[in-house]
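Here's the structure we're looking at; comments come further down.
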Amino acid sequence: MSSSWSHEELEAAVLSYLDIQTQEKAGKKVIKKHIYQSLSDRYGRTAKAYEYRFQNISHVLNLMGRSWINGLKPAKNVGEKTEKQIEGLILKHEVARQQINESGWDQLSGGYVVKSKPLGEREPKAGQSQVTIYSRSDAVRDWVLRQANGDCECCGKRAPFIKDSGEPYLEIHHVRRLADGGSDCIENAVAVCPNCHRALHFSEGRRELVELLYLTVPRLARK
């Protein structure tokens, strides 16, 4: 086993530490030795090494002003690089857990956490909000749709359905967002299916999709 810790191994240690902390706060008893041994079996390092690494995690939590596990006294003997890695992993999983609380989606497991059924609102209250709407050229939209000819310019598949008008349904996407200074020109617009449109806005691989568009749609220009 290499003396250096891989990112995967360090993340597994941080995640295990935070899981213990969560369980103990919920009043559950956790046998830490079993956790150390499980990590040892997975990565081939001694269980004692994981116990000490957990103390390093306590040290980083203490520096961050967070609470740490009783019985795992902070150990300062951790390099600056590893200390920053541990801090970054703690913050990453804090954000992931917050997202679970807000939406029910667990980024770590890739699934929804089952929650009790919400009551909802029998008579939803009306509200007002202000949004910025950018004008868009009908000519640009129509030209791009004609160029696509019913095929998504991102995934290459046919439009998912035909509209009442008989036209294939595709959506216009501005590769560089109008809100970010992008132009409403054919050099910055593509016709895509709804799935790719959402992926271009929200998926974790949206930057790669944008690069794919620049490579595969000749008219696009980076400006």
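The values are calculated or read from the model by the stated rules, or taken from the named source; none is laboratory data. Keep in mind the model is a prediction, meaning the values are calculated, not measured. Here the Cβ positions follow ideal geometry from the backbone for every residue, glycine too, while neighbour counts run over all protein chains shown. With ligands, DNA and RNA removed, areas are computed over all heavy atoms of the protein, side chains included. Shrake-Rupley method; radii C 1.70, N 1.55, O 1.52, S 1.80 Å.
Some notes on this structure:
- Eligible lysines near K76 by straight Cα distance, threshold 24 Å, same-chain separation 8 or greater: K32, K33, K48, K84, K92
- Across region 158-209, C-alpha contacts under 8 Å between residues 6 or more apart give a mean separation that, scaled by the residue count, equals a relative contact order of 27 percent.
- By average C-beta atoms within 10 angstrom, highest first, the peptides 32-40, 162-170: 32-40, 162-170
- Acute angle (nearest 10 degrees) that the helix 206-216 long axis makes with the longest principal axis of the chain, alpha-carbon atoms: 40 degrees
- Each listed q (0.13, 0.17, 0.22, 0.26 Å⁻¹) maps to a log10 I(q)/I(0) for region 129-223, found by the Debye formula over equal Cα scatterers with no solvent: -0.43, -0.73, -1.19, -1.51.
- q = 0.17, 0.20, 0.26, 0.34 Å⁻¹, region 162-204: log10 I(q)/I(0) [Debye, one scatterer per Cα]: -0.53, -0.68, -0.92, -1.12
- Computed with a 1.4 Å probe over protein heavy atoms only, the accessible area of S135 comes to about 100 Å².
- Against the empirical 2.2 N^0.38 Å (N residues), the chain has a Cα radius of gyration ratio of 1.46.
- Relative intensity of region 23-65 on a log10 scale, I(q)/I(0) at q = 0.13, 0.18, 0.21 Å⁻¹, equals -0.34, -0.62, -0.77, per a Debye sum over C-alpha point scatterers of equal strength in the absence of solvent.
- With a Förster radius of 25 Å applied to the beta-carbon distance between D41 and L63, the computed FRET efficiency rounds to 0.25.
- C185 accessible area, 1.4 Å probe, all protein chains in place, Å² to nearest 10: 50 Å²
- Using C-alpha pairs under 8 Å with a sequence gap of at least 6, the mean separation divided by the residue count of the chain gives a relative contact order of 11 percent.
- Electrostatic dipole magnitude of the chain [Cβ: Lys, Arg +1; Asp, Glu -1; Cα centre; debye, to 20]: 780 debye
- Extended-chain gain in nm, criterion 0.36 nm per residue less alpha-carbon gap, K73 and L212: 45.1 nm
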